[in-house]
Amino acid sequence: MRRAGVGAVAAAVTWVLVAGCSSEGAAGPGPERGSPAPSGSSAPPGTPERGRVKVASTLTTDLDSPWGLAALPDGDLLVSSRDERTITRVDTATGRRTPLGEVPGVVPEGEGGLLGLASRDGWVYAYFTAERDNRIVRMRLGDRLGPPEVILSGIPKGFVHNGGRIAFGPDGMLYAGTGETGRTGLAQDRTSLGGKILRMTPEGEPAPGNPFPGSPVYSYGHRNVQGLTWDEDERLWASEFGQNTWDELNLIEPGKNYGWPRVEGRAGVSGFVDPVAQWKTEDASPSGIAYARGAVWMAGLRGERLWRIPVPAAGAEQSGDPEAFLQGEYGRLRTVLAAEGGGLWLTTSETDTRGTPGAGDDRILRLEVE
């Protein structure tokens with residue numbers, strides 16, 4: 001286990017007027033574990049401005065490049081290995097792992113490989129990098145994975161910025177965060193699936209009510225979306241890698257333009273949606289997010305910390321300031337998933353070629369949230 005360094009500087013994050021993160025490189029200095037960002041915001045009544053999280057237990061260790069995480073109806077977890085191309089079932093009572101098989105067609109390279117997972121109605125959904133594109137498949141779940149059925153292909157692929165997070169929304173539709181693969185023009189091109197949030201039926205068809213008829217594109221102008229979650233009001237939140245200045249947490253609205261590459265972070269430019277919160281590049285490098293107990297919880301890769309961002313009530317402009325937890329204690333953090341009872345599952349990401357693996361890496365942690 002890693003421990004936070006001594007003499008860390010004060011947090012540099014606030015609601016809306018804050019700083020962001022670009023790459024998955026080494027972590028820079030930041031706030032000590034649990035220290036709050038600068039105060040000054042006022043939380044709406046009933047909104048928890050401050051919270052706490054602690055690691056209750058380690059579910060399993062020695063995972064190789066874990067990326068996607070999905071919960072099954074019986075409470076077990078599915079975890080994908082980006083580089084090994086496998087999906088494993090993890091018993092959340094005992095930590096026992098059961099290999100389900102390798103997903104055919106996955107071509108790991110750079111930030112690509114077997115990425116996000118979702119589960120619904122006896123199917124396992126997977127987002128992965130293939131030979132010529134990124135695609136989404138589904139497989140019947142049994143003792144072994146069934147053969148993959150491609151439901152969406154043609155998502156641009158690259159050595160970097162492949163996106164990869166998928167999740168089912170409260171509306172029963174499948175959402176996917178994609179990247180622009182380093183070709184910045186794709187984000188503003190509504191005919192491309194790169195640099196977007198996509199919304200589709202479980203069969204991969206453009207979802208009814210999408211803002212652009214006949215298209216799965218739900219929002220655009222994104223650089224690299226790797227986190228999706230919904231709050232109690234069924235609002236969609238997304239985390240996004242910036243380039244050199246700002247990383248973002250965005251409140252997603254259908255058909256809206258989130259600015260990349262014209263805008264990075266909060267700019268107040270007409271026609272583009274500003275992020276709700278943003279971070280300096282050394283403090284975040286965000287991947288997965290989850291909603292629990294009035295806040296979005298965001299995993300930081302380069303930042304090596306877990307951010308708690310209290311979300312404003314519907315119609316309110318802001319809530320409390322973000323707080324950082326677990327800084328430097330477990331290294332790079334990749335995926336957060338809501339657990340029963342208001343807790344969280346959290347995966348580390350030290351074996352993804354950009355970390356410094358130690359004994360037991362990588363692992364799935366069980367977090368208690370207050």
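The values are calculated or read from the model by the stated rules, or taken from the named source; none is laboratory data. Please read all numbers here as calculations on a predicted model, not as lab measurements. Reconstructed Cβ throughout: ideal geometry from the backbone, glycine too, with neighbour counts over all protein chains shown. Accessible surface areas use protein heavy atoms only, side chains included; no ligands, DNA or RNA. Shrake-Rupley method; radii C 1.70, N 1.55, O 1.52, S 1.80 Å.
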| Gain in span if fully extended, A314 to T184, counting 0.36 nm per residue against the direct Cα distance | 43.6 nm
| note | At R0 = 25 Å the Cβ-Cβ FRET efficiency linking E102 and R132, nearest 0.05, sits at 0.80
| Can you work out ³J(HN,Hα) from phi for every residue in the range 246-251, in order, using Karplus 6.51 cos²θ - 1.76 cosθ + 1.60 and θ = phi - 60°, giving whole Hz and x for Gly and Pro? | 10, 9, 9, 10, 10, 8
| Which ³J(HN,Hα) values in Hz, rounded to whole numbers, follow from the phi angles of the range 238-245 under the Karplus curve 6.51 cos²θ - 1.76 cosθ + 1.60, where θ = phi - 60° and Gly and Pro get x? | 9, 9, 8, 5, x, 9, 10, 10
| note | Of the accessible area of the chain, computed with a 1.4 Å probe and all protein chains kept, carbon and sulfur make up a percent value of 47 percent
| task | Quick one: order S57, S215, S239 from most to least accessible surface, probe 1.4 Å. | result | S57, S215, S239
| field | Tail weight of P(r) past 13 Å, computed on alpha-carbon pairs of the range 145-188, percent | value | 65 percent
| field | Between the range 139-157 and the range 311-339, the alpha-carbon center distance in angstrom | value | 31 Å
| task | Work out how much length T61 to A93 would gain on full extension: take 0.36 nm times their residue separation and subtract the Cα-Cα distance, in nm to one decimal. | result | 10.1 nm
| remark: Mean projected area, convex hull of alpha-carbon positions in the range 254-370, reported to one decimal in nm², is 8.8 nm²
| Using the per-residue mean of other Cβ atoms lying within 10 Å as a proxy for protection, in what order, highest first, do the peptides 192-201, 112-121 fall? | 192-201, 112-121
| query | With every protein chain left in place, what is the accessible area per residue of the chain in square angstrom, probe 1.4 Å? | reply | 37 Å²
| request: Determine the shape class of the range 229-317: with a ≥ b ≥ c the square roots of the Cα gyration tensor eigenvalues, call it rounded for a/c under 1.5, and otherwise prolate if a/b is greater than b/c, oblate otherwise. | output: oblate
| Shape call for the range 169-303 from the C-alpha gyration tensor, a ≥ b ≥ c root eigenvalues: rounded (a/c under 1.5), prolate (a/b greater than b/c) or oblate? | oblate
| Once the piece of chain linking R52 and R354 is laid out straight, how much longer is it, given 0.36 nm per residue of separation minus the C-alpha distance between them? | 105.9 nm
| query | Remind me, what semi-axes does the chain give for its equivalent ellipsoid, largest first in whole Å, using sqrt of 5 times each Cα gyration tensor eigenvalue? | reply | 27, 25, 19
| said: Under a crude label model (7 Å from the Cα following the beta-carbon direction), how far is F272 from V150 in nanometres? | reply: 3.4 nm
| Taking R0 as 25 Å, what's the FRET efficiency between E234 and E205 from their Cβ-Cβ distance, rounded to 0.05? | 0.70
| query | What ranking do 144-155, 246-257 get when scored by the average of other Cβ atoms within 10 Å per residue, highest first? | reply | 246-257, 144-155
